[in-house]
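Heads up: the structure comes next, in structure tokens.
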Amino acid sequence: MSRNLETLQKQYNSSSKIPMRGGPGGGPRGRNMGAKGKPKNTKQTIARLFSYVKPFVPRLILVVVFMVINTLTALVGGYMLNPIINKISGQPITESAGIMAVYADKVILSFCHSMQDVLISVFNISANTDVLVYLIAGIIIMVSIYLAGLATNYLQHRLMITVTQNTIESIRNDLFHKLEKLPVRYFDGNSTGEVMSRFTNDVDNISMMLDNSLVSLISGSVTLIGTVVFMISTSWILTLVTFAFVPLFLFGGTTIAKKSRKYYSSAQSALGAVNGYIEESVTGQKVVKVFNHEDECCEEFELLNNDMREKQFKAQFFGGIMGPIMGNISQICYGVTVGVGGILMLTTSFTPGALTVFANYSRNFAMPINNISQLMTTVFSALAGAERVFAVMDMPPEEPDCEDAVDMPDMKGYVKMENVYFGYTKEKTILKDITLYAKPGQKIAFVGSTGAGKTTITNLINRFYDIEKGSITIDGVDIKKIKRDVLRSNIAMVLQDTHLFTGTVMENIRYGRPDATDEEVIEAAKTASAHSFIMRLENGYQTELTGDGANLSQGQRQLLNIARAAISKAPILVLDEATSSVDTRTERHIERGMDRIMSTRTTFVIAHRLSTVRNSNAIMVLEAGEIIERGTHDDLLEMKGRYYELYTGKRELA
């Protein structure tokens, strides 16, 4: 039966707590630790983003300088129309046309004198054609100004792209480094798709804002300020008329922006939920097909997809209507301004050139406001994504090693657990009063029902989680006083779930010990009974593996994982259903090879096939987080307790 939308959102949306699900090797997953969909502190998010941009402030200053020059060239170039139109129309260029028009006229006249002789001699133009010379000179000056603006625009964008990409590189690096430092609990509580959404959608939104929106916001602000200055210098009366529309611009912009911001935040969360569901469905596609859940998957995806569509529609709608609404207000402002300007021409000495220039400035005045208003939707989307990224960066990492933590370069592998209590949540205790002892060369097996706590014990030895009560020591030293990287480098694990990295077969086996020689890698593969099938591959040990070893069978992937553990010199070995994916014949070969490895190591084995633990030095039978029986295979059979029932088939190992 398909799950409803609310259930799906709780499971795949970072804004909700996801239910407890199976963690690594069967242990319970932790709760979701993702960010909320709605930004909580916009100012703080902006400040965090600026901290990444701060190293590039000198370049940003140059960007702003080029923006100012570019804006001035556009404004000055447009203002050149004032004296040119007045000259063509026969209107005398006096201070009534605007003081700046007078200066522009002087510049053009100065240039006319220097080029008039050239025009007369080359084109045989009459010296009396002052208007034509004036027009040509004005056009040349305008073209020169606009070419200068084009050059500064190129430099501005070139520098801004450099700043943006360097900033995004730093954010991605910090995000990835933080993920590597987060505890296993975080990954148990967040889907891969949701985590990947931070690297793709959220970071891309930040990049888009920095690369396009930030430049446009600064450029629009500079253009707006420059336009106001030129408007006032042309006509303060028409400037007041234009300013009368500012409250309308602000009201329309802020009202729509508030709505847009809310929906863009929820749309980002919905997108994360869709990504999480897609990732899980694609990864588990074989399971989906085996159980004929294609229709249910489609129904559930449609629920999430429709939810995202609705939220994206609202976000895009309010973001999209910003432009038309602001544009219509701009057109009304333009019409009123031109009308008042026409009245001024009839009643005062206001010139046609001044009206033409001011009409263009009136349109330019509304354009930056319109552009800034439209860009705010992109900014809100980016800020929502940035907050989700920073939420991951702010997650508490694994607890640092204590100040007196030791290296233990010669760890032997004497493991002791005394009166250990542990629960993945405070509400439920998983392990209760666990006490056991293991020394080098011993093989300790854990058997029991699913959820009894077998995998949890090995997770605690690795310090994937810290215990609540009791103690765990190795060679007499509490594991909390051993440096975490030292502890884990001395424990080799083979989990039921295999994972291979992109690279050659040899590189994947060598992952267990990077300094291993090729000969040692081959020997480890032989020990794990993987050598024969490796040699049958197209390029042997140099065969490239991709997609988590998709070109290999499940059993072959597990053999490579066992070889990876075999090459490690770790004194402690953990096998969590290590041979569950291989046939019984291969399993016997592996057991003989592993016995040679385990002869000098402390080994913990979790197995459902009781035949694989018969030769263990001690077998721990767990039930509901407690060790209810312990002893050798023969001892437990003589006891005729739970292990006897499981071994003889009188009781199912569920």
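Not counting ligands, DNA or RNA, and with a 1.4 Å probe, what is residue 297's accessible surface area in Å² rounded to the nearest 10?
30
If R0 is 25 Å, what FRET efficiency do you get for residue 310 and residue 331 from their C-beta distance, rounded to 0.05?
On the way: r = 32 Å, r/R0 = 1.27.
Computed FRET efficiency for residue 310 and residue 331: 0.20.
State which entries of 432/483; 412/469; 426/454; 181/289; 483/526 exceed 29 angstrom in Cα-Cα distance in the structure shown. Each step should come with its number before you reach the end.
Working: 432/483 26 Å; 412/469 25 Å; 426/454 19 Å; 181/289 36 Å; 483/526 33 Å.
In this structure, 181/289; 483/526 lie more than 29 Å apart at Cα.
Between residue 221 and residue 154, what FRET efficiency comes out of the Förster formula 1/(1 + (r/R0)^6) with R0 = 25 Å and r the beta carbon distance, rounded to 0.05?
Numbers: r = 21 Å, r/R0 = 0.82.
Here the calculated transfer efficiency is 0.75.
Return the distance in nm (one decimal) between the two label points of a simple spin-label model at residue 233 and residue 437, each offset 7 Å from Cα along Cα→Cβ.
So the label points at residue 233 and residue 437 sit 9.2 nm apart.
In whole Å, what is the distance between the alpha-carbon centres of region 446-517 and region 262-331?
39
Would you mind computing, in nm to one decimal, how far apart the modelled labels at residue 466 and residue 288 are, each placed 7 Å from Cα along Cα→Cβ?
4.0
Taking a ≥ b ≥ c as the square roots of the Cα gyration tensor eigenvalues, with a/c under 1.5 meaning rounded and otherwise prolate when a/b beats b/c, else oblate, which class fits region 509-582?
Working: a/c = 1.71, a/b = 1.16, b/c = 1.48.
Because a/c hits 1.5 or more and a/b fails to exceed b/c, region 509-582 counts as oblate.
Grab the beta carbon distance between residue 410 and residue 61, set R0 = 45 Å, and tell me the FRET efficiency rounded to 0.05. Don't skip to the answer; put the middle values down first.
On the way: r = 57 Å, r/R0 = 1.26.
Approximately 0.20, to the nearest 0.05.
Note down the magnitude of the dipole of region 169-218 about its Cα centre, charges +1 on Lys and Arg C-beta and -1 on Asp and Glu C-beta and zero elsewhere, to the nearest 20 debye.
Working: 5 positive and 8 negative charges, 36 e Å.
Charge dipole of region 169-218: 180 debye, to the nearest 20.
Run the quick spin-label model on residue 301 and residue 251: label points 7 Å from Cα toward the beta carbon, then report their separation in nm to one decimal.
4.8
Could you do me a favour and compute the accessible area per residue for region 287-348, 1.4 Å probe, result in Å²? Walk me through the intermediate numbers first.
Numbers: 3730 Å² over 62 residues.
With the other protein chains kept in place, region 287-348 gives 60 Å² per residue.
Stretched out fully, how many nm does the piece from residue 623 to residue 169 gain, at 0.36 nm a residue minus the Cα gap? Let's see the in-between values first.
Working: separation 454, 0.36 × 454 = 163.44 nm, distance 4.95 nm.
Full extension from residue 623 to residue 169 adds 158.5 nm.
What shape does region 394-473 have by the C-alpha gyration tensor, where a ≥ b ≥ c are the square roots of the eigenvalues, rounded means a/c under 1.5, and otherwise prolate means a/b greater than b/c and oblate the rest?
On the way: a/c = 1.95, a/b = 1.03, b/c = 1.88.
Oblate.
The values are calculated or read from the model by the stated rules, or taken from the named source; none is laboratory data. Quantities reported herein were computed from a predicted structural model and do not represent experimental measurements. Counting neighbours? That spans all protein chains shown, and the Cβs are built from the backbone with ideal geometry, glycine included. Accessible surface areas use protein heavy atoms only, side chains included; no ligands, DNA or RNA. Shrake-Rupley method; radii C 1.70, N 1.55, O 1.52, S 1.80 Å.
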